[in-house]
Amino acid sequence: MNQPPSDDTVLLQKIVQQEQAALSQLYDRYARVLYAMALKILNSVDEAEEVVLDVFSQVWKTAHSYDPRRAQVDDWLFMLTRSRALDRLRKRRQQAQIIQRATVEKAVTTRLRSLELTPEEQLLIWERQELITEALNQLPDAQKEALELAYYK
């Protein structure tokens, strides 16, 4: 037995037809709760706001891909929000790791220069650093983070 489409499903059908009022209604209905979810994950007001805007932008562009047999509209919106927030969290962590590595490399370079090592000794140290970096990159993130925290902090 088929059930009639929900109000949210009807709104998505209107969004597929590029009705901006339908997007506005959906936004008014879900923006606050999606924002709260993104804020909980990211702990950043600015990023949570951006995630919500990204989600509704994605809804506007991809409403045609929504399948009511797979999920209710609210579940779909929560999934999109969670996915976007986690992507931002991963990107933030990667950026922090890049900054940390650059800081360590600068410190190593400064230290090497102060030691007045021969070019051969400097080359040996750089080669070892490359080997260690390659080995760290092969570890799972949790193990790599534990080693970096133990060594650098």
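The values are calculated or read from the model by the stated rules, or taken from the named source; none is laboratory data. What you see is a predicted model; the values in this text were computed from it and never measured. Methodologically, a virtual Cβ is constructed for each residue, glycine included, from the backbone with ideal geometry; neighbour enumeration extends over all protein chains shown. Each accessible area value is taken on the protein alone, full model and side chains, heavy atoms only, with ligands, DNA and RNA left out. Shrake-Rupley method; radii C 1.70, N 1.55, O 1.52, S 1.80 Å.
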**Study point:** Hits in the stretch 119-153 (condition: under 26 Å from ARG93 (Cβ atoms), surrounded by 12 or more Cβ atoms within 10 Å (Cβ to Cβ) and either over 35 Å from the mean Cα position of the chain (by Cα) or not small (Gly, Ala, Ser) (or both))
**Key:** GLN129, ILE132, THR133, LEU136, LEU139, LYS144, GLU145, LEU147, GLU148
Practice item. Go through ALA150, ALA96, ALA142 for me and flag whichever is modelled with pLDDT of 75 or more and over 30 Å from VAL55 (Cβ atoms). Key: ALA150
Check your understanding: Does GLN94 satisfy the criteria of being out of contact with any His (no Cβ under 7 Å at 6 or more places or on another chain), open to solvent by 90 Å² or more (accessible area, probe 1.4 Å) and within 15 Å of LEU11 (Cβ to Cβ)?
Key -> no
Practice item. Starting from the stretch 117-143, take each residue that is closer than 19 Å to ALA102 by Cβ and in contact (Cβ under 8 Å) with a residue 12 or more places away in the chain and list its partners that are open to solvent by less than 60 Å² (accessible area, probe 1.4 Å) and of a type in the set (Lys, Arg), counting only C-beta distances under 6 angstrom and pairs at least six apart or across chains. Key: LEU136/LYS144
Check your understanding: Does ALA107 count as of a type outside the set (Ser, Thr, Tyr), at pLDDT below 85, within 22 Å of the chain's Cα centre (by Cα) and surrounded by 11 or more Cβ atoms within 10 Å (Cβ to Cβ)?
Key -> no
Review point. Given the structure, is GLU116 more than 23 Å from the chain's Cα centre (by Cα), surrounded by fewer than 11 Cβ atoms within 10 Å (Cβ to Cβ) and modelled with pLDDT of 85 or more?
Key: no
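Let's see how each residue does on (1) assigned to a loop (DSSP other than H, G, I, E, B); (2) closer than 24 Å to ARG93 by Cβ; (3) polar (S, T, N, Q); (4) in contact with a helix residue (DSSP H, G or I) (Cβ under 9 Å, 6 or more places away or on another chain):
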residue: LEU11; (1), (2), (3), (4): no, no, no, yes
residue: ALA21; (1), (2), (3), (4): no, no, no, yes
residue: ASP28; (1), (2), (3), (4): no, no, no, no
residue: LEU34; (1), (2), (3), (4): no, yes, no, yes
residue: LEU39; (1), (2), (3), (4): no, yes, no, yes
residue: ASP46; (1), (2), (3), (4): no, yes, no, no
residue: GLU50; (1), (2), (3), (4): no, yes, no, yes
residue: ASP67; (1), (2), (3), (4): yes, no, no, yes
residue: LEU77; (1), (2), (3), (4): no, no, no, yes
Point to revise | Selected residue (criterion: most open to solvent (accessible area, probe 1.4 Å)) from residues of the stretch 49-91 that are touching a residue at least 12 places away in the same chain (Cβ under 8 Å) and over 18 Å from TYR30 (Cβ atoms) | key: HIS64
